Amino acid sequence: MITDFLITLFSSVQPRRHRVIFGLLRRRLTVSTEYWGLRYQLLPFVGLFPQLEKTTFDEQIAKLIKNGLLIEQQPNSGQLLLTDKGVVAQQEYHKHHYQLQYMPLTTQPLANVRQFREAFWLANQIISETAYHNKRYYPLQIDVKTKMLVKKWYRQTDKSHLIDNWLMALTQFLKQLDQQTANQFVATWVGHQVPGRNADQLGLPATWTATDFYLWEFDLFIFWSQTLLQSNSNSELKKLWQLTQQQQNLSPSVQLTCQQVHQGLSIATISQQRRLKIGTVREHLLTAAVWLPKTDFPYDLFLTSETLRYLQEHLTGNIDDWQFADIRTSDNPDEFFVFRLYEIYLTKQGA
């Protein structure tokens, strides 16, 4: 159950839609969900709980409300705020549970980290058994796609130096952790006559739950994945990691739209050439603006100096309270596109 963890995703000053938070955790994304994920600073959590059921999530939100930790800003608005009691509960959570260190800062799709984790588990088991010349063992139960990926990787490895190469890569990473964390992390792995310890056997804090263990372990794999991303290593581990980096925050279609805009094509031309609805092209651009660094998106093509002046005059105060109706002048859908793009632009500036 993730009820306790959910309290960390809400604020006492910023009303947050629980349906947006569910969409982020489950990776059920719309442009609106992505935008509010940006505003809530929760984009790094996209796909954190891919198996989370809506009924379970709703039950846990209802429990937080019933216990007086969350309150709806207005009836039936779906926007929730931490109460004073909720703030205390959040502070108590931080004292007694695992604090994410690497996930809040990552820009990596968590699906890639998850596949790297599972691919590593299986590859490490294979190499451990190989080191002992053991061909009779039960491989870890990994999904078929990842299993085939590991098989492909293993066929291409240099078997004469694989064990030493693997050991060196593991050692290089583990040296970046404190000794206790490194020992606990390694103890979870499966190898030759080593079943891998569970959370109760690691000497982790007594107040930690199964969710804490999951977050702790996943956070370490995020750190490891980030280390490999920045490494110039040609190790077999790096090659395995590269095979798991299949998902991107921007789909190929969104990337193509961005490329065409940079080449000077208009939204209408892109729509016509690729037989996409104009609204779809606009959504591509808003998604790209949400995920890309501010310097990588051509805001100036859509937010002209005249447009910026008009928006600055008519939109003031907290961005989260802005209403499109306050600046709407016609039924042209371009107006909402510009309105949302302006909000993203200011958010990227720290507003």
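The values are calculated or read from the model by the stated rules, or taken from the named source; none is laboratory data. Everything numeric here is computed off the predicted structure, so don't read it as measured data. Counting neighbours? That spans all protein chains shown, and the Cβs are built from the backbone with ideal geometry, glycine included. Just so you know, the surface numbers come from the protein's heavy atoms only, side chains and all, with ligands and any DNA or RNA stripped out. Shrake-Rupley method; radii C 1.70, N 1.55, O 1.52, S 1.80 Å.
Quick notes
- Listed residues 90, 79, 230, most fluctuating in the chain (Gaussian network, C-alpha, under 10 Å): 230
- Shape of the chain, Cα gyration tensor, a/c cut at 1.5: oblate
- Label point 7 Å beyond Cα of residue 194 along Cβ direction - residues of region 122-164 with amide nitrogen under 15 Å: 122-133, 163-164
- Listed by chain and number, the aspartates and glutamates placed with their C-alpha closer than 16 angstrom to that of residue 159 are 129, 236; residues fewer than eight positions away on the same chain are left out.
- A simple count of charges around residue 116, restricted to other residues whose Cβ falls under 15 Å of its Cβ and scoring Lys, Arg +1 and Asp, Glu -1, yields +2.
- When the listed pairs 175/348; 151/239; 54/145; 175/239; 145/238; 63/85 are checked against a 24 Å cut-off, the alpha-carbon distance exceeds it for 175/348; 54/145.
- Of the solvent-accessible surface of the chain, computed with a 1.4 Å probe and all protein chains present, 51% belongs to carbon and sulfur.
- Extended-chain gain in nm, criterion 0.36 nm per residue less alpha-carbon gap, residue 323 and residue 262: 19.0 nm
- In this structure the amide hydrogen of residue 196, modeled in the peptide plane, comes within under 5 Å of the amide hydrogens of 191, none closer than 5 places in sequence on its chain.
- In region 268-323, the trypsin sites (Lys or Arg not before Pro) that fall in loop regions by DSSP, at most 16 other Cβ within 10 Å: 275, 277
- Whether region 1-142 is rounded, prolate or oblate, judged on the alpha carbon gyration tensor where a/c under 1.5 counts as rounded: prolate
- Each Cα pair under 8 Å and six or more residues apart adds its sequence gap; the mean of these over the residue count of region 67-110 is a relative contact order of 28 percent.
- If R0 is taken as 41 Å, the Cβ-Cβ distance between residue 210 and residue 160 corresponds to a FRET efficiency of 0.50.
- Rounded to the nearest 0.05, the FRET efficiency derived from the C-beta distance between residue 133 and residue 14 at R0 = 51 Å is 0.30.
- For region 18-63, the per residue solvent-accessible surface stands at 42 Å², with DNA, RNA and ligands left out and a 1.4 Å probe.
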